[in-house]
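Everything below concerns the one structure shown next.
Just so it is clear, none of the values below were taken in a lab; they were calculated from the coordinates. If you're wondering where the values come from, they're calculated on a predicted model, not measured in any experiment. Every residue, glycine among them, receives a Cβ derived from its backbone with ideal geometry; neighbour counts consider all protein chains shown.
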Amino acid sequence: MATNQRYEERHFVDSTRTVWNYSLFTDDDVRNFQNGTHYSLYRVFGNKQIEVLGIKGAYFAVWAPNATRVTVIGNFNDWNKEEHPLFVRLDQSGIWEGFIPHVLAGESYKYHIHGFEGVQVDKGDPFAHFWEKRPLTASIAWELGYTWKDTAWMDTRGKHNALDAPWSVYEVHLASWMRPDKHDEERYNSYEQITERLVPYVKEMGFTHVELMPVMEHPFDGSWGYQGTGFFAPTSRFGGPQDFMAMVDALHQAGIGVILDWVPSHFPYDAHGLFKFDGTHTYEYADMRKGYHPDWNSYIFNYARGEVKSFLISSARFWCEQFHIDGLRVDAVSSMLRLDYSRTEGQWEPNVYGGNGNIEAIAFIKDLNETLYRDFPDIQTIAEEATDWPGISKPTFMNGLGFGMKWMMGWMHDTLNYFKTDPYGRQFKQDQLSFSMMYFFNENFMLPLSHDEVVHGKSPMLYKMPGDDWQKFANLRLLYTYMFTHPGGKLLFMGNEFGATREWDYKSELQWDLLQYPGHEGMRQCVQQLNKLYRNNPALYSKQFKPEGFEWIDLNHRQESVVVFKRKGSSAAEDVLVLLNMTPVVRQNWQVYVKGKAAWKEIFNSNDKAFWGTGDVYNPDVVTELVDEDSDTYRITVHLPALGGVVLR
């Protein structure tokens, strides 16, 4: 940030005025802001605690290009709408700014805007770092100073966040993971209390990363954070910005990466938010065929506007720079890319080439990824994109969008459809399992079993499974075994790891009391051991996005519904063999033929007694026999438990 002295000659400071004409902007700042190439706007916009002529106070800057007057209102002036008017820059940038003496950190404030056609609105600060706790809606003057203690993580995180590293992600909604009172939706644990409980749990479970559903400030709990108003502020529901920083710091010190859900696709119409910020369409498209989102009753950013593009990319950089975030999972990418998303004929207009792609959004996404990977090469961006749009996770120089990974929604749908099927019928649906490998290497995929799969009548994971109680648990352990041994990153929503028996409810907390029952505690231990299996075997991650890291071994037993595949490491000694028995029939002395390795050992069995399995079908010794010396082929004989997965190394 520029020093105060730099601007004392440039602006006349009249100490008798309530607002002093003062600026932190350079001409380059303004030019880049307008061109869509200023990616650290948080350094100049918003509220800044500074000192001018020996007087401490607050510098304010806001973009309101259609305004005729902007004043700052707050507790410090009893919300007087006329007392503290900002100065509009004379360069037609639409930036209003000024220094107000004696306004210190902790003051609540808004901008009172005389806008388009005489409209008057009171708006929160789009660049605020702290907001009042909902239902209050004002911004709070604040400074972000914090002393980080995660140097060891930051110096080495490149290897933890690389595409050839294990990615086992625990998806968390902070409010409902655990509450002080599970029946009181108005009470939350603080960031400090969440940290005390969440960090050791994630560490014990063996997840490599947590992914936090949006922590950016949002007015309505029921949006789960996906309808945001504060793109530069962690929610005040759990504490202040430094408290959130301390939570990220603690996760890093425990060796756990932090991914944030980030929503540049749309925003709500709340009066204090971005919608019609200066009385007309400022941040959103004016044409509602592009500017309104029919699914979510929200508004879509105008990606063609340089100032909006600068705003969004600055937000992404802000979380990486100021909060040491290891990755951003970008929400609803499909809705950004397609002009006809959730629209019927006549509700959308083709682009200049006659197609359905939003050209400005595509350009924005490419610039976003190029900027983030340039400035933070040791992070990842992950796209939630549910269509067959090509090159989502390919570099932009290969005409891709530049994401590091993409959620594999097709795998999720096919897998759940398969496992929902009665085991007898699975012989007719084997292609739903094998199909994923037909297109897997088109992208860098993450396998998601996310919050979206356990809400809105879809049922919890456990009750998607067929059969009696024991079979439901066995089926779910089998599904997780398949997931953790399939190529790609993994994402598991909170509560899935112990077999929640009801759908996720953001108003309550997870059913932690279920862990007193052996089936649920066994499920938790199963996931814990799958994480350990995944992290301790390089064959399961080092080539997870390369064709040479996977091989089908046996897809020829449809009737028995036994599937076998190999995961390959840098040498045959690392190779892992996965055998999945998808029926409730024990397969004794099952034979499978594998090349290149004579000795195998069972290293995981989903039927383990510790997991609430029977524990009576396992392989203390794996019998191998050389059957073809020329091709180096061995016959392996193993016992496969009912509805069980066995992993050999």
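A few remarks follow.
- Kirkwood Rh, angstrom, the range 264-387 [1 / mean 1/r, Cα pairs]: 15.2 Å
- Cβ-placed point charges (K, R +1; D, E -1), dipole of the range 547-648 about Cα centre in debye, nearest 20: 340 debye
- Net charge dipole, the range 412-482: roughly 140 debye, given to the nearest 20, about the Cα centre with Cβ charges of +1 for Lys and Arg and -1 for Asp and Glu.
- Under the convention that each Lys and Arg Cβ holds +1 and each Asp and Glu Cβ holds -1, the size of the dipole of the chain around its Cα centre is about 720 debye.
- Lysine pair count for the range 494-649 with Cα-Cα distance under 15 Å and sequence separation of 8 or more or different chains is 9.
- Considering all different alpha carbon pairs of the range 353-458, the Kirkwood hydrodynamic radius works out to 15.8 Å.
- Two-decimal ratio, the range 199-267, of alpha-carbon radius of gyration to 2.2 N^0.38 Å: 1.17
- Intensity falloff of the range 547-648 expressed as log10 I(q)/I(0), Debye formula with alpha-carbon point scatterers, at q = 0.18 Å⁻¹: -0.85
- Binned Cα-Cα distance frequencies in the range 148-201 - 5 Å width, integer %: 4, 16, 17, 17, 18, 12, 8, 6, 1
- Degrees separating the helix 409-420 axis from the principal Cα axis of the chain, which is the longest one: 40 degrees
- Inverse of mean 1/r across different Cα pairs in the chain, Kirkwood, Å: 26.7 Å
- GluC sites (Glu not before Pro) within the range 314-376: DSSP coil, no more than 15 neighbouring Cβ in 10 Å: Glu345
- Since only Thr147, Leu53, Ile194 are under comparison, the one whose Cα sits farthest along the positive direction of the charge dipole of the chain, derived from C-beta charges on Lys, Arg, Asp and Glu, is Ile194.
- Calculated SAXS-style log₁₀ I(q)/I(0) at q = 0.26 Å⁻¹ - the range 10-90, Debye, Cα scatterers: -1.53
- Only one residue of Ala539, Thr37, Met336 has its Cα farthest out toward the positive end of the dipole of the chain, where Lys and Arg carry +1 and Asp and Glu -1 on Cβ, and that residue is Ala539.
- A cut-off under 15 angstrom between Cβ atoms defines the neighbours of Gly467, and their net charge, with Lys, Arg +1 and Asp, Glu -1, is +2.
- Other residues lying with their Cβ under 12 Å from the Cβ of Glu384 contribute a combined charge of -4, Lys and Arg counting +1, Asp and Glu -1.
- Working from Cα pairs under 8 Å separated by at least six residues, relative contact order for the range 547-648 is 31 percent.
- Label zone at Met437, where the point sits 7 Å out along the Cα-to-Cβ direction: the range 573-605 residues whose backbone N lies under 19 Å: 573-583, 591-597
- Among Trp612, Phe403, His114 - extreme Cα towards positive end, dipole of the chain, charges at beta-carbon: Trp612
- Applying the criteria of a DSSP loop state and at most 12 other Cβ atoms within 10 Å to the GluC sites (Glu not before Pro) of the range 105-212 yields Glu186.
- Protection proxy ranking of 291-300, 95-104, 46-55 - average other beta-carbon atoms within 10 Å, highest first: 95-104, 291-300, 46-55
- Separation in nanometres of the label points that stand 7 Å from Cα toward Cβ, at Ala286 and Ser570: 5.9 nm
- Among the trypsin sites (Lys or Arg not before Pro) found in the range 165-251, those both in a DSSP coil and sparsely packed, with 14 or fewer other Cβ atoms within 10 Å of their Cβ, are Arg187.
- The chain: calculated mean residue ellipticity at 222 nm from DSSP helix runs of at least 4, using -39500 (n - 2.57): -7000 deg cm²/dmol
- Here is the tail figure for the range 44-146: Cα pairs spaced more than 19 Å apart come to 39 percent of all pairs.
- Fraction of C-alpha pairs exceeding 15 angstrom in the range 237-284: 64 percent, rounded to a whole number.
- Between helix 191-205 and the chain: long-axis angle, C-alpha atoms, 0 to 90°, nearest 10: 20 degrees
- Cα centroids of the range 353-378 and the range 487-544: 34 Å apart.
- Label positions at Thr26 and Asn75, each projected 7 Å from the Cα along the C-beta direction, are separated by 3.7 nm.
- Inter-part distance where the range 163-223 and the range 83-160 are each reduced to a Cα centre, Å: 26 Å
- Principal-axis tilt of helix 306-323 within the chain, Cα atoms, nearest 10 degrees: 60 degrees
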